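Notes follow once the structure below has been shown.
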Amino acid sequence: MDRKKITVRHVVPSDVPTLVELDHRVWKTKEQQADSYTFIERIKNCGDTCWAVFIGKAAIASLYIMGVTHKQVMKSNSWDQITDKGTARSSIPYSQEWFGIGLAATQNAKKADAVEKLMTEAAIEALRLGIRYVYLGSPIPGLRKWLKKNRDKGINEYVYAKKVDNLPLDPQLRYYYKEGFRKIVQIKQNYFPHEKSLDYGVILRLENPFWRMKIAFRLLPTFLLRLIIHFFMKYI
Ligand SMILES: CC(C)(COP(=O)(O)OP(=O)(O)OC[C@H]1O[C@@H](n2cnc3c(N)ncnc32)[C@H](O)[C@@H]1OP(=O)(O)O)[C@@H](O)C(=O)NCCC(=O)NCCS
C-alpha cells in the first residue's frame, strides 16, 4: 500500500480530475463514464453529500448522493432521469430521502477499507439530518449469464433468487444486501448501460430506523457516532 496519507472528506471542484480518472477506471465504456462538466455540476448541486477517499491527492473511492422524493425515483425510467444525467440538477436540499448517484472504488480501495469509510461518513450525515430512506439503483451483473442457463425463467425470478445462505444470488445485490439495502422497490429496464445486467437496474432501499432521533445524534460527538455506526455495520 502507498505510504501517502489516506483521507476521507467531501469532494471539492479541484478534485474533479482525479474523480474523473477514478470513474473512468471503474466504468469501461464511454456511455457509462461521467465527464468533468458532470462532476463540477454534481458538486455544485449536492456537494454536501459527496465524499471521496484519497491516497495523497488521488481518489481511490467515491460516493455521491442527492436529495430526492420517493415519487421521483419511482416514476423515472432511468439513472439519467433520476440524476439529470449525473448532474443532480434536481437534487432537493434537506430532503429526508436520498438517492445514491454513484459509488466507485479501485482494487486498492479494499485494503484501505475505503468504501466502509465512505459509508460511515454518509451514515453520520444521515443520522444527523434524520434521513429516512436511502435509495440506489444496482446493476445485476449476473443476469445475462443466468438467463442463458435458465431460458425458461424471467428477470423477476433472478432478482428475487437467493443462494443457500438466503442472500441474493446476484453478486451486486448480495453486496448491497450486506450493506443494509434489503428492500427491492422496483426493477427498471433500460436503467443504465451495463452489458452483463442487460441494462436492467434494481432500485433498492434502506430505511434508517433512527430517523426520528436526529436531535440526539446532533448532540453526540462525531467519534462516538463513528463507533456506533461501526458497531451497526458489523451486526446488521
Ligand atoms: C461496487 C464497488 C464500489 C464495491 O467496491 P468494494 O467495496 O471495494 O468491494 P469489491 O469490489 O471488492 O466487491 C465486494 C464483493 O461484492 C461483489 N460485487 C460487487 N459488485 C460486483 C459486480 N459488479 N460484479 C461482481 N461482483 C460484485 C464482489 O464479488 C465481492 O465479493 P467477494 O467479497 O465475495 O469477493 C466496486 O466494485 C466498483 O467500483 N464497481 C464498479 C462500479 C459500480 O458497480 N458501482 C456501483 C453502481 S450502483
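What follows draws every value from the coordinates through simple rules; no lab data is involved. Keep in mind it's a predicted model, so treat the numbers as computed, not measured. Here Cβ is always computed from backbone atoms with ideal geometry, including for glycine, and neighbour counts include all displayed protein chains.
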Any hit, segment 51-58, residues being farther than 23 Å from Glu179 by Cβ, more than 17 Å from the chain's Cα centre (by Cα) and either within 12 Å of the ligand (Cβ to nearest atom) or among the polar types (S, T, N, Q) (or both): no
Residues within segment 63-80 that are within 14 Å of the ligand (Cβ to nearest atom) and in contact with a Ser or Thr (Cβ under 9 Å, 6 or more places away or on another chain), tallied: 4
Residue within segment 204-211 that is assigned to a helix (DSSP H, G or I) and either away from the ligand (no atom under 16 Å from the Cβ) or under 22 Å from Gly67 (Cα atoms) (or both) present: yes
Residues located in segment 94-124, provided they are under 26 Å from Lys4 (Cα atoms) and either in contact with a Pro (Cβ under 7 Å, 6 or more places away or on another chain) or of a type in the set (D, E, K, R) (or both): Lys110, Lys111, Asp113, Glu116, Lys117, Glu121
Residues of segment 201-236 classified as under 30 Å from Val159 (Cβ atoms), out of contact with any Lys or Arg (no Cβ under 7 Å at 6 or more places or on another chain) and of a type in the set (S, T, N, Q), total: 0
Elements of type strands (runs of 3 or more DSSP E) contained in segment 81-193, each with 2 or more residues being more than 12 Å from the ligand (Cβ to nearest atom) and surrounded by fewer than 19 Cβ atoms within 10 Å (Cβ to Cβ): 183-188
Any hit, segment 43-58, residues being part of a helix (DSSP H, G or I), surrounded by 16 or more Cβ atoms within 10 Å (Cβ to Cβ) and in contact with a helix residue (DSSP H, G or I) (Cβ under 8 Å, 6 or more places away or on another chain): yes
Options Arg25, Arg9: the member that is in contact (Cβ under 8 Å) with a residue 24 or more places away in the chain and either farther than 16 Å from Leu118 by Cα or in a helix (DSSP H, G or I) (or both): Arg25
